[in-house]
Structures are given as C-alpha cells and as structure tokens.
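K.L.:
One structure coming up, written as structure tokens, with questions to follow.
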Amino acid sequence: MKKYWLLIYLLLFFLWAKVCAQTKATEKWRTWNAPPPQVQIDREGKDDIKGLGRLFLPVMTTPDLEPVFIVSTMTDSIIRISKMGTSLWLRPGKYKVAFGSGTLDQVIRKTVEIRAEDTTILEPDWSCLVVRIIDETRNSIREAYEIYSIPDNEYFGVGYGADEQLGEQLQTWILKPGLYKIIKLGEHVNTYKNFTTVRLLPGELTRYTIVVNSDTKDFIGAGILDIVKKKIKAANWSYFSTLYGSYTLNSSNDVTTKKQETSMIFVAQFDYNVLYNSTHHFFSSRGLIEEGWNMQKKQINFRSNLDRMQLKNIYIFYFIKPLGLYGRLFCETNLVNKMTYYDTPHKIIKVDQNDNILEERENVRKLELSPAFSPIELKEGIGINLMFLKSLRYNLNIRAGMGWYQIFNRDLFTQTSDSTFKLKESSYSKGPEISLIGSARISRNMLLSCELEVFYPDGSKRFDYEFENILNLKLSKNVSLDYTLRFRNKRSLSDYLLTDHIVLLRYSFFLF
C-alpha cells in the first residue's frame, strides 16, 4: 500500500514541477506584446518543406518593429536576411545567426544546427526594450535619445519616441541582458543630468517611459508605468481625438479711414483617428470637422468662411508585407448652407441645366447657393497597396486600383456671371485610380504630410486629381502652426482649378 502512495506522491510532484515550469515560462511571455513562440508559428500557418529544416526566431513585439536577422554559413558567407517572427527554411547543417540592435560587432550571435523536416526555435534569452517618451500631460512626443551599455559605455545608437496621435509606432531594441544608460541626444555619455538607467532581463520585453519637460525637453522622470503597459497591451488598437481652436481679434485704422475698424475670426476643428495594425491587417478611420466664422466691417453677424466635414476609412490586407489589397471609403460634405453677399441690392436669376429660368428676384442682398449637406462627395475604391517606404522618418504608400466616385448636388447653384446662377446636377463616374500617400519628419517639431490622388473617369479625355499638403510645426505641447495647401482639378465639381490655402495657429486639447 505504501508503494502506491509513493507512486502517487511522485506523480503529483512531477505534475507540480511541470506546472511551475509552465507558469514561469508563461510569466516571462506575459511581458511580450506577441504570443508565445509556438503560437506565433501556428498563426503563421506555413507547412514544412520536405528535405529542409525550419528556423524560427520569435518576436516580442511585431516583425516590422524589430531588427532583421542574418543567417550565414560557418565560413561567414551570408545566405539569407529575414524578419524576426517569420519562418526560414534551410538545408540541414550548422549555421551562424546574427541579430539585434547596434553594429555588426555588437549584435547577438548564435550557432544553430538545422535538421531535415524539423523546427528549430531559437530560445529567446535576449532582451527587448521599447522606450516611450511623453510630456507632463501624457502626450507622446517624438524626442531623440541615445543608448549606452554600462559599465563600458559602449554606444548602441539613437532612438526616437513616437507621436502616437499621428499613428507612429515605437521601435524595438534587441539587446543582450544587462544594465543600460539612456541619455538625451546631445548630452555627454558621463552626464549627471538628462539620463536614466534600465536593467534588461533575459527573455523579457521592457516597456520604459521617459517623461520630459514640454518646453525644454529635459528629463524629469523615468520608469515603468503600469498605465502605459495596460494601454500597449490593449491588442493592436490605438485611438485619439482632438479639439482645436483659434480666435483672432483685430481693430485698426489705416490711411483710408480715421475710424477704427474691427474684425473677428474664429476657427474650430475636431478630429478623431482610430487605428488597427497587425501582421496582416491594417485599418484606419479618420474624421475631421472644420468650421470657421468671421465678422468684418459692415457686417452685423458672423458669416461662415470655412466649412468642411470629412471621413476617411481604409482597410488593407497584407498578403506579405509590403504588398496587400486595399479597400477604401471617403466622404466629404458641408454642415451649413453656403451664402453669397452683396454690398448693394442686386438682381439675380437662377437657371437650370438648359438655361431655363427657375427664379428671378430683385433687390437681393444675400443668396443661398447650397443648403447644408450639399454637395456630398463619396469615393469608393479597391486595389493593390504597396508599402514603398517605411522608416522612422519617412513613409510612402502607393495604391492603384478601380474607383467609383459620386457627387450628390441638392439645390446647388454655381455662379456663371455677376447675377446668373446655374443649377449643378449630380454626377457618377468610375475608372482607374492611383494614390500616393506619404509623410516626412523634417525635424523634431516639423511634419509634412502629402496625399496625391489621380482618377481617370471612363469615357473622359482628361484625368481628375487632388493634391493635399499639410505642414505641421509644433511650437509647444498644445500650440502648433498648420499650413494646408490643396489643389483640386475635378470636372464634376468645376471647370477650373480649386485651391485652398489655410494657415492656422491653433491650440490643441486632447479629449482621449
């Protein structure tokens, strides 16, 4: 009887030891953004290749944010370069694997033996580091820093925070376990200010946060914040919403009049951005509402001078990065009616498309050209998306496919002469479309975003295009200067080139 109890005790002991080992491994993987290595392989869904062996280096974040790895022969001849977190098939034999951040002399090196039709998972005994930089109000900012190892002060490179409100992502450092020093860019390695240290443990992802002064960019705090950890772990979703406002009051006289003349301009903007980003899926939904009113001399109330509501949705399924299939939906309209004003009484005539008179009035001081929500411009498109360029400073996507455009005009009139207004009818078109969408981080506080959209309607002898450029200069944590330049050449809207110039000094309030 005692023998049976002894066997039961041994069985329970081995079960307990196995559970402890699994718990310890799971605890390590809990620091990762990515799932455990075996789950990564299962999700990749690639079958073995007869006669070849599989090599797999797991990721702790995502493949696009971690450095690539290099596989070479034992005589140092490079065979393949691949992303972390992706399977690589090799002939049976011994190979050298090099991966990590820094120069070729600093990267991590290992020797692996590949067996036919067998999977070799490199044990993740290295460390990963993600550095997030925020200001006192928890706004993420793109500030530069440098990393050194301690105690030998070996330099590993320059890193950047990310402006998450613009959809930027934080880079992942792959380093050997140990103690590292992070300093503000430009400081000496032995500085006693603007520095912090972090100890990296084997097999773990460390999410480190540095808090800087929004004006001087000096370090004022650093460490691991639980609230940041929970936010990063919230799957692959990110979202934000911002409210902008500006107000201008001007009172002056000039050489033409002694009397003081007063003008007021008020501009308000609201936008939101929802992003989802994973290995094969990308979704972005952005909404923008811009409203502006002004009051100048001889006016008794505010008049609308800026009115736009815009919604952009894009979904991309990546077969293999950087190539994928996209689908998009775009909508733009106005929220208030469009008016025209006369200083003196006017006679106006409204006509239809065949120049038949619809309305004729005398002594008109103001006239409605279109009601609210007219026109409504819709665009749908599907096609191929190519991520042509992606780096910390520059991004460029090229899209080509088929587009469907609709413009719904309801009681919309265009001015053909000083007193004549013609009814504009709705339009529908389809045809091939090409888009170039890019951004460039010119400096720490300056970002340029550009979008060129070209559409060739079926049966037309000319193409339509829209080219929008936005230059954003961040002056402080909540104040920025924006310049928008937009060109539109669309026969469905007008027979001439439409241009928009908007310069806006705005105060930003982040809602969430």
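The values are calculated or read from the model by the stated rules, or taken from the named source; none is laboratory data. Quick caveat: nothing in here was measured; it's all calculated off a predicted structure. So basically every Cβ, Gly included, is an ideal-geometry build from the backbone, and we count neighbours across all protein chains shown.
K.L.:
Return a yes/no flag: does the range 1-17 have any residue that is part of a loop (DSSP other than H, G, I, E, B), surrounded by fewer than 12 Cβ atoms within 10 Å (Cβ to Cβ) and at pLDDT 80 or above.
P.N.:
Filtering the range 1-17 for residues part of a loop (DSSP other than H, G, I, E, B) gives 1.
Now drop any that are not surrounded by fewer than 12 Cβ atoms within 10 Å (Cβ to Cβ), which leaves 1.
Next, from what is left, pick out any that are at pLDDT 80 or above: none.
No, because not a single residue in the range 1-17 is part of a loop (DSSP other than H, G, I, E, B), surrounded by fewer than 12 Cβ atoms within 10 Å (Cβ to Cβ) and at pLDDT 80 or above.
For every residue, the table says whether it meets (1) surrounded by fewer than 20 Cβ atoms within 10 Å (Cβ to Cβ); (2) among the aromatic types (Phe, Trp, Tyr).
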site: 125; (1), (2): yes, no
site: 129; (1), (2): no, no
site: 141; (1), (2): no, no
site: 149; (1), (2): yes, no
site: 173; (1), (2): no, yes
site: 197; (1), (2): yes, no
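K.L.:
So which strands (runs of 3 or more DSSP E) are wholly in the range 93-171 and hold at least 1 residues that are aromatic (Phe, Trp, Tyr)?
P.N.:
On the way: elements: 93-99, 108-114, 119-121, 127-134, 144-150, 155-160.
The strands (runs of 3 or more DSSP E) meeting that bar are 93-99, 144-150, 155-160.
K.L.:
Within the range 419-442, which residues are assigned to a strand (DSSP E or B) and more than 30 Å from residue 172 (Cβ to Cβ)? Spell out the reasoning first.
P.N.:
Initially, the range 419-442 is screened for residues assigned to a strand (DSSP E or B), giving 420-423, 427-442.
The answer is 420, 421, 422, 423, 427, 428, 429, 430, 431, 432, 433, 434.
K.L.:
If you go through the range 113-130 one residue at a time, do you hit one that is free of Cβ contacts under 8 Å to residues at least 40 places away in the same chain and basic (Lys, Arg)?
P.N.:
No: zero hits.
K.L.:
Let me ask another. Determine whether residue 349 is surrounded by 14 or more Cβ atoms within 10 Å (Cβ to Cβ), in contact (Cβ under 8 Å) with a residue 24 or more places away in the chain, within 31 Å of the chain's Cα centre (by Cα) and part of a strand (DSSP E or B). Break it down stepwise before answering.
P.N.:
On the way: surrounded by 14 or more Cβ atoms within 10 Å (Cβ to Cβ): yes; in contact (Cβ under 8 Å) with a residue 24 or more places away in the chain: yes; within 31 Å of the chain's Cα centre (by Cα): no; part of a strand (DSSP E or B): yes.
No: the conditions fail for residue 349.
K.L.:
Restricting to the range 399-418, give me the number of residues that are assigned to a strand (DSSP E or B) and more than 36 Å from the chain's Cα centre (by Cα). It would help to see each step written out before you state the result.
P.N.:
As a first pass, look at the range 399-418 and keep what is assigned to a strand (DSSP E or B): 399-408, 413-415.
When the remaining residues are screened for being more than 36 Å from the chain's Cα centre (by Cα), the result is 413-415.
Selection size over the range 399-418: 3.
K.L.:
Quick check: is even one residue across the range 193-202 outside the structural domain of residue 441 (by TED's automatic domain parsing), within 30 Å of residue 91 (Cα to Cα), touching a residue at least 12 places away in the same chain (Cβ under 8 Å) and out of contact with any Leu (no Cβ under 8 Å at 6 or more places or on another chain)? Outline the logic, then answer.
P.N.:
Kept after step one, since they are outside the structural domain of residue 441 (by TED's automatic domain parsing), are these residues of the range 193-202: 193-202.
If we keep only those that are within 30 Å of residue 91 (Cα to Cα) as well, we get 202.
Still in the running and touching a residue at least 12 places away in the same chain (Cβ under 8 Å): 202.
This time we only want the ones that are out of contact with any Leu (no Cβ under 8 Å at 6 or more places or on another chain), so: 202.
Within the range 193-202, one or more residues are outside the structural domain of residue 441 (by TED's automatic domain parsing), within 30 Å of residue 91 (Cα to Cα), touching a residue at least 12 places away in the same chain (Cβ under 8 Å) and out of contact with any Leu (no Cβ under 8 Å at 6 or more places or on another chain).
K.L.:
Further question: List the number of the failed condition for residue 317; all other conditions in (1) within 22 Å of residue 426 (Cα to Cα); (2) in a strand (DSSP E or B) hold.
P.N.:
Evaluating residue 317 over (1) within 22 Å of residue 426 (Cα to Cα); (2) in a strand (DSSP E or B) leaves (1) as the failure.
K.L.:
With among the polar types (S, T, N, Q) and farther than 30 Å from residue 86 by Cα as the only criterion, which of 356, 313 stands out?
P.N.:
356
K.L.:
Identify, by number, the condition in (1) under 30 Å from residue 162 (Cβ atoms); (2) more than 28 Å from the chain's Cα centre (by Cα); (3) of a type in the set (D, E, K, R) that residue 393 doesn't meet.
P.N.:
It is condition (2) that residue 393 fails.
K.L.:
Looking only at the range 384-422, count how many residues are closer than 14 Å to residue 326 by Cβ and buried (at least 18 other Cβ atoms within 10 Å of the Cβ).
P.N.:
Matching residues across the range 384-422 total 4.
K.L.:
Next question, about the same structure. If we scan the range 327-346, do we find a residue that is within 30 Å of residue 280 (Cα to Cα) and more than 20 Å from the chain's Cα centre (by Cα)? Show your work before the answer.
P.N.:
Just the residues of the range 327-346 that are within 30 Å of residue 280 (Cα to Cα), to begin with: 327-332.
From the residues that got through so far, the ones that are more than 20 Å from the chain's Cα centre (by Cα) too are 332.
Yes, the range 327-346 has at least one match.
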